[in-house]
Amino acid sequence: MKKSLVEVKNLKKYFPIQKGIFSRTIGHVKAVDGLDFTIYEGETLGLVGESGCGKSTTGKMLLQLLHPTEGEVIYEGENLVGMPSGKLRKFRKDLQMVFQDPYASLDPRLTVFDIIAEPLEIHKVVQGKEKIRRVEELLHIVGLSGYHARRYVNEFSGGQRQRIGIARALALNPKLIVADEPVSALDVSIQSQVINLMQDLQEQFNLTYLFIAHDLSVVKHISNRIGVMYLGRLVEMADKHELFDSPKHPYTKALLSAVPTPSPMIKKERIVLQGDVPSPANPPSGCSFHPRCNECMEICKTEEPELKHIDGQYIACHLYA
Ligand code: SF4
């Protein structure tokens, strides 16, 4: 039976919109607006959606790098939201992040040794020679060499930098890694190397991933289940095969119709979404996707669909009431 590692309940993040010399709050940007989902031990849960849909904000709230406006993140039976920092420190070791941009996320003034050793020092895990040995071990684990420790990050390619970022994330033997667009800044040829490395590491260390990306082909390759987000909400979540073979939500269908097929002989109809993603500061009434949906009904304009469990898939759409 699948064992849950993280449970997210009614998670919200509203950013205040302030105006005037007194910074009066005149509204909120609803970046994440009520998420409920579970991440199971050892799986990769992919999170997809257009930019601005709240994927990265969700990842940061899971790790408590951003404080949620409301909701719970349950890890090992304890709610991390609002936990005192001293107690939270114990859990931080288990929950790590790999960032999108390996050029911006690693400090160019530090050597690779300093970058990877930093979490070991902060958490006082190892010291002296043992620290040097651990950094070299981590470099080998991600396919680099011990002598790379003395170099600076600007001496490395994008793919190598992302390997350094992964080594840093692995330093404290985490259980969950939130990977936020970890390959989108890399060349296509390098992307598959980093994805394969992440899959090998997952097997080797029984890691659980929340894999955030906008590239559906990449997400399909690495994920077990996939959640589709639109304007801060989950609109569909399913096993990856179910989702790709029989997408239900009109937004998921449109996203998948834009994924290139492996063969030019396979023809599929492209569903072109009308208009832009609405502002999360002023989302449409009812189903927030209704102004762009080609299957919109009257009820969709006024009533917000709930996320329901139907035939093994979670879906928020009035077509499946
Ligand atoms: Fe389209 Fe209505 Fe379903 Fe929203 S609820 S996705 S508008 S059919």
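The values are calculated or read from the model by the stated rules, or taken from the named source; none is laboratory data. Small disclaimer: the values here were computed from a predicted structure and weren't measured. When we count neighbours, we look across all protein chains shown, and the Cβ atoms used for this are built from the backbone with ideal geometry, even at glycine. Only protein heavy atoms, including side chains, enter the accessible area calculation; ligands, DNA and RNA are left aside. Shrake-Rupley method; radii C 1.70, N 1.55, O 1.52, S 1.80 Å.
Since only THR302, HIS241, THR261 are under comparison, the one whose Cα sits farthest along the positive direction of the charge dipole of the range 162-310, derived from C-beta charges on Lys, Arg, Asp and Glu, is THR261. Scattering from the range 273-321 was approximated by placing one identical point on each alpha carbon and applying the Debye formula without solvent; log10 I(q)/I(0) at 0.14, 0.20, 0.27, 0.31 1/Å stands at -0.36, -0.70, -1.05, -1.17. Across the range 48-57, coupling constants 3J(HN,Hα) worked out from phi with the 6.51/-1.76/1.60 Karplus curve, θ = phi - 60°, read 10, x, 5, 5, x, 7, x, 4, 5, 4 Hz, and Gly and Pro carry x.
Length gain on complete extension for the stretch SER257 to ASN294, per 0.36 nm per residue less the alpha carbon to alpha carbon distance? Present the calculation step by step, with values, prior to reporting the outcome.
On the way: separation 37, 0.36 × 37 = 13.32 nm, distance 1.37 nm.
So the chain would gain 11.9 nm between SER257 and ASN294.
Largest first, the extents of the alpha carbon coordinates of the range 171-255 on the three principal axes equal 41, 28, 24 Å. Summarising the strand pairing of the range 116-273, around 55 percent of its internal DSSP beta bridges are antiparallel. Extending 7 Å from the Cα toward the beta-carbon at both LYS2 and TYR40 defines two label points whose distance is 0.4 nm. Summary of the geometry: the range 282-321 and the range 34-102, compared by the centres of their Cα atoms, lie 26 Å apart.
What shape does the range 110-180 have by the C-alpha gyration tensor, where a ≥ b ≥ c are the square roots of the eigenvalues, rounded means a/c under 1.5, and otherwise prolate means a/b greater than b/c and oblate the rest? Oblate, since a/c reaches 1.5 and b/c is not below a/b.
Hey, could you grab the Kirkwood Rh for the range 239-321? Inverse mean 1/r over distinct alpha carbon pairs, Å, one decimal. Walk me through the intermediate numbers first.
Values: mean 1/r = 0.0706 Å⁻¹.
Every distinct Cα pair counted, the radius reaches 14.2 Å.
Going by accessible surface with a 1.4 Å probe and the largest first, LYS131, LYS220 read LYS220, LYS131. Here the simple spin-label model places points 7 Å from the Cα toward Cβ, and for GLN127 and MET83 these points are separated by 2.6 nm.
How large is log10 of I(q)/I(0) for the chain at q = 0.07, 0.12 Å⁻¹ when the intensity is taken from the Debye formula with one equal scatterer per alpha-carbon? Relative scattering, expressed as log10 I(q)/I(0), comes to -0.31, -0.88. Each residue of the range 273-286 was assigned a 3J(HN,Hα) from its phi angle through the Karplus expression (A = 6.51, B = -1.76, C = 1.60, θ = phi - 60°), giving 6, 7, x, 9, 5, x, 6, x, 7, 8, x, x, 5, x Hz with x at Gly and Pro. Placing a label point 7 Å from the Cα of GLN193 along the Cα-to-Cβ direction, the residues of the range 135-155 with a backbone N closer than 20 Å are 136-155. Placing one equal scatterer on every Cα of the range 1-114 and applying the Debye formula, the log10 ratio I(q)/I(0) at q = 0.21 Å⁻¹ is -1.24. A simple rule links phi to the HN-Hα coupling: the Karplus curve 6.51 cos²θ - 1.76 cosθ + 1.60 with θ = phi - 60°, which for the range 237-250 gives 8, 7, 4, 4, 5, 4, 5, 6, 7, 9, x, 10, 6, x Hz, with x for Gly and Pro. Along its principal axes, the range 127-228 has C-alpha extents of 45, 28, 17 angstrom, given from the largest down.
Placing dummy labels 7 Å off each Cα toward the beta-carbon, the span from LYS308 to ILE26 is 4.0 nm. THR302 contributes an accessible area of around 110 Å² to the protein surface, as traced by a 1.4 Å probe with all chains present. Taking every DSSP beta bridge that has both ends in the chain, the antiparallel portion is near 65%.
Among GLU306, GLU118, the sequence by solvent-accessible area, most first, with a 1.4 Å probe is GLU306, GLU118.
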